[in-house]
Structures are given as structure tokens and as C-alpha cells.
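S.K.: First, the structure itself, so that you have it in front of you.
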Amino acid sequence: MKHIVPAALLIAALAVPAFAGSIPSGWSCNGACGTDGADGVVPLSPFNSTSYEYITTTGGITGVGYLPSGKLGSETNGSVLSTLDFSAPTDTLLNFYFDYVTSDGAGYADYAWAALMNASNNSEVALLFTARTEPPPANIVPGTGMPPISATLNPSSVPIQSGTTWSPLGSWSGMCWDTGCGNSGWVDSQYTIGTAGSYYLEFGVTNWLDEEYDSGMAIDGVTINGQPINPSSIPEPSSLLLLGSGLTALAGMLRRRFAKA
């Protein structure tokens, strides 16, 4: 079965949404990313920030957004958002919130994910959450038919909630293809990094089978040991190590941009 979309709606849906703001300094985006505030079905997160980051398949890039471990089979276009590199000592608590929103439904299993990545070789360390478009009674979190996650989610599973009005979906905001469209609400992900090292986070979202009826994900409260991941709060024991981490972050960001170009 294939989406049947009125021509006028399809033309309108090809427009890239107006992003509310830029992603944090040092983060990188391959596709369509931005920041937003309370918007439609996505309120501000429990972290109590005044805004959140997001990624969306509206304006996404073909061949981008699938899992770091590889495609599941029918991914089309999407987006990936990467944090800057950060240094973590042994037993570092990593925490963030996410909210998945999809206008797609039955037969079109769009999905989103987050992964902890090794900054030295860009390999996946741990899958931290998955979300996927699925008709009820299947849960939207964790994603059906996706690899198991290593993090602890709260709540641990989420059924689809009604409502897709969210501006990062562009002209697909408020739309719904069959059963399964909706949102997850905010979900908390916690993971303990057991080995000291240099890492970064990747967040991805992808369309499945086609590039219509888009999906996206809001992200907030990304912290390590309770501190935001940004250049001024990377947990190193001295200013010299902070400088080294900043240079590593810049090198890592440039490395990933060139690798994904």
C-alpha cells in the first residue's frame, strides 16, 4: 500500500520548516535540525529548559538518519544531530529526555534513535533509546523490530499518544496517515558510562519506505553527571585538560562533517 497524497498538499509538504533557533555551539547537524520552545503536542521537557533541540525528516537528506549499526532495510531520508565530543570518567551518568512525533502510520515504520559514540573511532558504544511508528496496540517506545537498548527509560515503554501538531514537521504538522501516528511524550533516558574515555552523542530520525508524512524528535536535558554537555562544563580535572578536550571536540566535529559529506 502506498501513500495517496493530494498534489497541492504534497507540494506544500516539500517546504523546509522555519527553524526557531540554532543548535548549541559545537554540535553538528546532517539534515534538518534546530531548537524550539513549547509547540503543539511537544511542551517544554521535565528538565525545565526554556527550549529544546530537535531533528526532523522534513528537509532531511536521502541516505541519512538510519542506525549507526546499519540500515534495517527501507530507510529513505532523514537527519542526524551530533553533540560535541566530551570526556567522561569511569561511571559517568549520562541523561537526556526525548519526545518522538510522527505523522506517519500503518505500513510506514519511521523511526528515531540515540547512541553513545566513541570519539576516537566513531564506533557505537551503546544504543540509548529507540522509537518507531507502529499502529496500536504496539508501543512506540522502544522501537518495534529495532536492536535492544542499553539505557534505562522512564517510562520503560510508551504506547502512541494522539496528536501530531508540531511545527518541525512542516506541512505534515497536524496530519495523520492511518493508525499509528502521534507522539511519545517526554521520556527520560539514563545510562552509566562504565569506561573513561572521549565520547559524543548522535540522534537520528528517518523516514521508512517513502519521504511523505514526516517524523521528528525533540531532545532536551543532555547532561553528564548532572552538567550540560557544552564547552564550559566538560568534566576534566584541570584547565589544561579542558583545553585539550575543546580541541578534540573541534577535531571530532570536523572529522564527522567531512566523513558524512
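S.K.: Apply 1/(1 + (r/R0)^6) to the Cβ-Cβ distance of Ala38 and Lys71, taking R0 = 22 Å, and write down the FRET efficiency to the nearest 0.05. Could the numbers behind the result be given before it?
M.R.: Details: r = 34 Å, r/R0 = 1.55.
Taking R0 as 22 Å, the efficiency between Ala38 and Lys71 is 0.05.
S.K.: Residue by residue, what Karplus-based ³J(HN,Hα) values in Hz, rounded to whole numbers, does segment 155-170 have, using 6.51, -1.76 and 1.60 with θ = phi - 60° and x for Gly and Pro?
M.R.: Karplus-based 3J(HN,Hα) across segment 155-170 equals x, 6, 8, 9, x, 5, 10, 6, x, 10, 6, 6, 4, x, 7, x Hz.
S.K.: How large is ³J(HN,Hα) for each residue in segment 100-106, as worked out from phi by the Karplus curve 6.51 cos²θ - 1.76 cosθ + 1.60 (θ = phi - 60°), to whole Hz, x for Gly and Pro?
M.R.: 9, 10, 9, 8, 8, x, 3
S.K.: For Gly143, what residues show an amide H to amide H distance below 5 Å, using hydrogens built from the backbone and excluding near sequence neighbours?
M.R.: Thr130, Ala131, Arg132
S.K.: Counting only residues 5 or more places away or on other chains, whose amide H sits under 5 Å from the amide H of Gly197 once H atoms are built in the peptide plane?
M.R.: Residues meeting the criterion, in which the H sits 1.01 Å from N, are Ala88.
S.K.: Can you give the three extents of the C-alpha atoms in segment 60-135 along their principal axes, from longest to shortest, in whole Å?
M.R.: 43, 23, 18
S.K.: Each residue of segment 174-188 in order: what ³J(HN,Hα) in whole Hz does its phi give by Karplus 6.51 cos²θ - 1.76 cosθ + 1.60, θ = phi - 60°, with x for Gly and Pro?
M.R.: With the stated coefficients, segment 174-188 comes to x, 8, 8, 9, 6, 6, x, 6, x, 8, 8, x, 6, 10, 8 Hz.
S.K.: Once fully extended, how much extra length lies between Thr179 and Ile61, figured as 0.36 nm per residue of separation less the alpha-carbon to alpha-carbon distance?
M.R.: On the way: separation 118, 0.36 × 118 = 42.48 nm, distance 2.59 nm.
Stretched fully, the Thr179-Ile61 segment lengthens by 39.9 nm.
S.K.: With a bin width of 10 angstrom, please list the P(r) values of segment 24-260 as percents of all Cα-Cα pairs, from the 0 bin to the one holding the largest distance.
M.R.: Using 10 Å bins, I get a P(r) of 8, 35, 37, 16, 3, 0 for segment 24-260.
S.K.: Now for a separate question. List every residue whose amide H lies under 5 Å from the amide H of Gly34, counting only residues 5 or more places away in sequence or on a different chain, with H placed 1.01 Å from N in the peptide plane.
M.R.: Tyr54
S.K.: Sticking with this one: With r as the distance between the Cβ atoms of Thr144 and Thr223 and R0 = 30 Å, compute the FRET efficiency 1/(1 + (r/R0)^6) and round to 0.05.
M.R.: Working: r = 29 Å, r/R0 = 0.96.
Efficiency at R0 = 30 Å is approximately 0.55.
The numbers here are math on the coordinates, done by the rules we state, and not lab data. The model shown is predicted, which means the values in this text are computed figures rather than measured ones. Ideal geometry is used to build each Cβ from the backbone, glycine not excepted, and the neighbour counts take in all protein chains shown.
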